[in-house]
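*Asks:* Please read through the structure below; I'll follow up with questions.
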Amino acid sequence: MTSRLPDEAQKNARAGRQRKSTGLMARTAALLLATVFICPAPAFSQGAITGNLGTTTEQDPEARMLLNADELIYNRDENTIEAAGSVQIYYQGNILQADSVTLYRSTGRFVARGNVRLDQPDGNVVFTDEADLTDDFAEGFVQALRVQSSLDTRFAAQSAERRDGNTTEFKKGVYDACRYCSVERSRPTWQIKARTIVHNQEKKTVSYRDARLEFLGVPIVYAPYFSHPDPTLKRKTGLLAPSAVFGDDIGYGARVPFFINMAPNKDVTLAATPLTEQGVLFDGTFRHRVRRGEYSVSLAGIRQSSPDNFGATSGNTRYRGIASATGSFTLSSHWTWGFTATAATDRSFLADYNRDASISASTNSFLYLQGLRDKNYFRAEALGFLIQQEEGTAPFNNNLQERQPIVHPVIDYSVVFDDSFFGGEFTANANSTSLTRGFTDVDGFGRIVGAEGNFTRATVNLNWRRQLVDRFGQVFTPFAYLTADAYLMNEESRVRRASFADGTSATLTDDPFVGRVMPAVGLEYSYPLVNTHSWGSQVIEPIGQIIVRPDENRVGDVPNDDAQSLIFDDSTLFEYDKFSGFDRTEGGTRANLGLKYTLQLLNGAYFSSLVGRSFHIAGQNSFEETDLVSTGAGSGLDTSSSDYVARAYINTRTGLQIGASTRFDSRDFEMNRTEVQAVGRLGPALGSLTYAFVNENDEVGIVNDLTEVQAAGSVRISKAFRAFGAIRYDLENESFVRDSLGVGYDYDDLSLSVSFSEDRSRNNSELVDRTIFVRFGLRTLGSSTFSQNVVPSDE
């Protein structure tokens, strides 16, 4: 290549003088010309030179420009400088590539022609055949261009003009958010065409005039003007995507939310939902992030036009609403506190009006303080429960709210001591629970699941254990623990009696103070036997455990609020105390025996299993003792030799996993409880199948066998389409409990799903709750949902 330079320019270059110019490009070109003749290279062939550009731009007065080109042409007559052949210009994050670039020194502008590509500092990429730009890239005019953003959104226009470095105006523009159109697809699913599109990068907005939304090339929506936030912006004041709601009692409506970005750390969302049957539902949420945490406040309310639509329910009032607040704060690196509080005008407001789950409210209220440091844990929490269910027929669910306790508070503390104690690990746990209940909660089987009045319990539990391994691989683990309780009860908490179908009964003591102590010592033994093969390994491990304790005392004399649930299976076989809470403590001498087997293959597949049994050896069996809720009855532990428990799990590492847990009766090996679950993936299909069985047990209110099958699955029909569904079927009653079916499209710029579900397990007046749910989302523009309850049948 050759460099054609006038004599005057050569003379000035040899003399080391640089011709002054008003443009960035001209200054750079002059420096390049001088360098050409100072350097031994006879021509500018694929060179790269940098130089100080002075104070041409306000962004960086010391900015440098780098230019690469095959040829540099200086035209003194037309006062231009042209770089030709694979031109590349680098300046302050801008990268310009073109076949040729011509600088017009008199105007301070340059024109790039042929295969023009401009990479901007914000990640946007402009493609065009010709661009007219200022020498600092701040302003320009481009024809027939396409802009690819860093978030894979695209603008295309007949022409575009960039002003003041922040605003780009597209004439006859098109916007889409198709990420794969240039690779996998010929056109986007949707696009917005407008007479004018203005992208303000300073305000982070994109606005449209005379716009229409096209879906698969067909115009479906027209708007004279609308705008949305720049896709790079996460928070922007403006309207959010609306969502539709419908209900037999509320009518048709659409929730229209408006988001207000008050500051980087706080915002407000206000919404109005006009309803054809009930008027306008208003709701709003204020969120604020402070230096040590964050909190939010939510309100929703309506003046009902037709309260009679809700008949004899608690919703048959003129004014209805709900208020909720939540917060979480840090006191120090180890301490946090928080709260949630909710109050409602009636029991069914959320069920009636929160059809699209947009109203932020929790049915539980609590205030907590929590500390965590090293091996120490502390949490204090006050609790209240808001019932969102209508009253029913006594005695099953009347006075529902009065039956709920107010917990003030429950305190947990746990510590693991660093120093060993007699060579072992020493831990301490404490719990204190204080609550008030206004009405005794008696279920349909005569059990007192909650006694009215006030009661307070304080519990301390001390544990010690040490693990010893001999030279044969046998593992010995001696342990000991001590549990002490103290109860305080007022008059309302005492003299409550529960009677059961088997003729047994329990009565709370009339003592205002009750104390209990439960010491225990024990030993656990295991001997893992390992057998290694060329294909993997096997481990057979017998496990034995014995615990010596005195009898449990004051059974049934005190309320049982936190130890009502008792499930005896493989996971609780070797628990020191098999009760789930502090209100019951297991007593008597007990031995637990089990055998574990594990098979591990070299390809990663493995199988594990456990079978075991528990034996009551001496003293009184706690699980035979009747308390107010008959805990332990029919648990499989209420005989001297317990039921058999077993589990098995297999992972094929090929997409199939199967797990099973079961409990067999100790007398006839009849199944008392079984759960089997399989999860698998085969090609585009993913599914799960669960079988659950619980044998009838009149003592705890299970009057018939419970047998259910649950299945859920999804299949990827194509890269974009999927189908999904789930069922829950009652085998005993030969009826569906829940079922749902849907299809979805999730790909690139569009997300759409439609599903239909039926629910027969709701504890309300409707025998079948049928719902159609639609979700629709456009990438970068937002999403919307719609749900509709279908009129239930009389089944």
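*Asks:* Quickly run through the range 411-445 and pick out the residues that are open to solvent by less than 50 Å² (accessible area, probe 1.4 Å), at pLDDT below 90 and polar (S, T, N, Q).
*Replies:* Once the filter is applied, which keeps residues that are open to solvent by less than 50 Å² (accessible area, probe 1.4 Å), at pLDDT below 90 and polar (S, T, N, Q), the range 411-445 yields only T440.
*Asks:* Sticking with this one: Do we find that Y481 is more than 23 Å from S608 (Cα to Cα) and at pLDDT 95 or above in this structure?
*Replies:* Judged against the criteria, Y481 is a match.
*Asks:* Just one of the numbered conditions (1) in contact with a Ser or Thr (Cβ under 7 Å, 6 or more places away or on another chain); (2) under 19 Å from D510 (Cα atoms) is not true of V449; which one?
*Replies:* Of (1) in contact with a Ser or Thr (Cβ under 7 Å, 6 or more places away or on another chain); (2) under 19 Å from D510 (Cα atoms), only one is false for V449: (1).
*Asks:* Please go through (1) touching a strand residue (DSSP E or B) at 6+ places or on another chain (Cβ under 7 Å); (2) farther than 20 Å from A520 by Cα; (3) of a type in the set (S, T, Y); (4) surrounded by fewer than 18 Cβ atoms within 10 Å (Cβ to Cβ) for T626 and return the number of the only condition it doesn't satisfy.
*Replies:* Every condition holds for T626 apart from (4).
Matching residues to (1) at pLDDT below 90; (2) aromatic (F, W, Y); (3) surrounded by 15 or more Cβ atoms within 10 Å (Cβ to Cβ); (4) under 28 Å from L781 (Cα atoms):
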residue: A692; (1), (2), (3), (4): no, no, yes, no
residue: V700; (1), (2), (3), (4): yes, no, yes, no
residue: N733; (1), (2), (3), (4): yes, no, no, no
residue: N763; (1), (2), (3), (4): yes, no, no, no
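*Asks:* Under 7 Å between Cβ atoms, at least 6 apart or on separate chains: pull out the pairs that start in the range 310-321 with a residue that is within 14 Å of G247 (Cβ to Cβ) and at pLDDT below 90 and end on any residue that is of a type in the set (A, V, I, L, M, F, W, C) and surrounded by 13 or more Cβ atoms within 10 Å (Cβ to Cβ).
*Replies:* G315/F349
*Asks:* Considering (1) more than 33 Å from the chain's Cα centre (by Cα); (2) in a loop (DSSP other than H, G, I, E, B), say which one G173 fails and leave the rest.
*Replies:* The number of the failed condition is (2).
*Asks:* Just for the range 104-117: of the residues that are in a strand (DSSP E or B) and at pLDDT below 85, which one is farthest from E71 (Cα to Cα)?
*Replies:* Result: R109.
*Asks:* Right, here's the next one. If you scan the range 242-270, which residues turn out to be open to solvent by less than 40 Å² (accessible area, probe 1.4 Å) and under 29 Å from E202 (Cβ atoms)?
*Replies:* Correct list: P257, F259, A263, D267, V268, T269.
*Asks:* Looking at the range 528-549, which of its residues are open to solvent by 30 Å² or more (accessible area, probe 1.4 Å) and closer than 28 Å to R663 by Cβ?
*Replies:* P528, L529, Q538, V539, I540, E541, P542, I546, V548, listed by residue number.
*Asks:* Okay, moving on. Restricting attention to the range 718-755, which residues are among the charged types (D, E, K, R), out of contact with any Cys (no Cβ under 9 Å at 6 or more places or on another chain) and in a loop (DSSP other than H, G, I, E, B)?
*Replies:* Once the filter is applied, which keeps residues that are among the charged types (D, E, K, R), out of contact with any Cys (no Cβ under 9 Å at 6 or more places or on another chain) and in a loop (DSSP other than H, G, I, E, B), the range 718-755 yields K719, E732, E734.
*Asks:* Got a sec? Which strands (runs of 3 or more DSSP E) wholly within the range 236-342 have at least 2 residues that are under 23 Å from the mean Cα position of the chain (by Cα)?
*Replies:* Answer list for the range 236-342: 251-263, 266-275, 279-290, 293-303, 319-330.
*Asks:* Where in the range 365-437 are there strands (runs of 3 or more DSSP E), lying fully within it, with 2 or more residues that are farther than 26 Å from N560 by Cβ and out of contact with any helix residue (DSSP H, G or I) (no Cβ under 6 Å at 6 or more places or on another chain)?
*Replies:* Where strands (runs of 3 or more DSSP E) fall fully within the range 365-437 and carry at least 2 residues being farther than 26 Å from N560 by Cβ and out of contact with any helix residue (DSSP H, G or I) (no Cβ under 6 Å at 6 or more places or on another chain), they are 406-416, 425-437.
*Asks:* From A498, A486, A506, grab the single residue that is out of contact with any helix residue (DSSP H, G or I) (no Cβ under 9 Å at 6 or more places or on another chain), closer than 15 Å to I448 by Cβ, part of a strand (DSSP E or B) and at pLDDT 65 or above.
*Replies:* A506
*Asks:* Condition first: of a type in the set (K, R), closer than 28 Å to L628 by Cβ, open to solvent by less than 60 Å² (accessible area, probe 1.4 Å) and touching a Pro at 6+ places or on another chain (Cβ under 7 Å). Can you find one or more residues in the range 385-405 that meet it?
*Replies:* Checked against the condition, which is being of a type in the set (K, R), closer than 28 Å to L628 by Cβ, open to solvent by less than 60 Å² (accessible area, probe 1.4 Å) and touching a Pro at 6+ places or on another chain (Cβ under 7 Å), the range 385-405 yields no hits at all.
*Asks:* Within the range 446-479, track down each residue that is surrounded by fewer than 19 Cβ atoms within 10 Å (Cβ to Cβ), assigned to a strand (DSSP E or B) and among the basic types (K, R).
*Replies:* Across the range 446-479, the qualifying residue is only R465.
*Asks:* Right, something else. Of all the residues that make up the range 665-691, how many are under 16 Å from E708 (Cβ atoms) and either of a type in the set (S, T, N, Q) or touching a Cys at 6+ places or on another chain (Cβ under 6 Å) (or both)?
*Replies:* Summing the residues that are under 16 Å from E708 (Cβ atoms) and either of a type in the set (S, T, N, Q) or touching a Cys at 6+ places or on another chain (Cβ under 6 Å) (or both) in the range 665-691 gives 5.
The values are calculated or read from the model by the stated rules, or taken from the named source; none is laboratory data. Just so it is clear, the structure is predicted and the values come from calculations on it, not from any experiment. Cβ atoms come from the backbone with ideal geometry, glycine included; neighbour counts cover every protein chain shown. Protein only, heavy atoms only, side chains kept; ligands, DNA and RNA dropped before computing areas. Shrake-Rupley method; radii C 1.70, N 1.55, O 1.52, S 1.80 Å.
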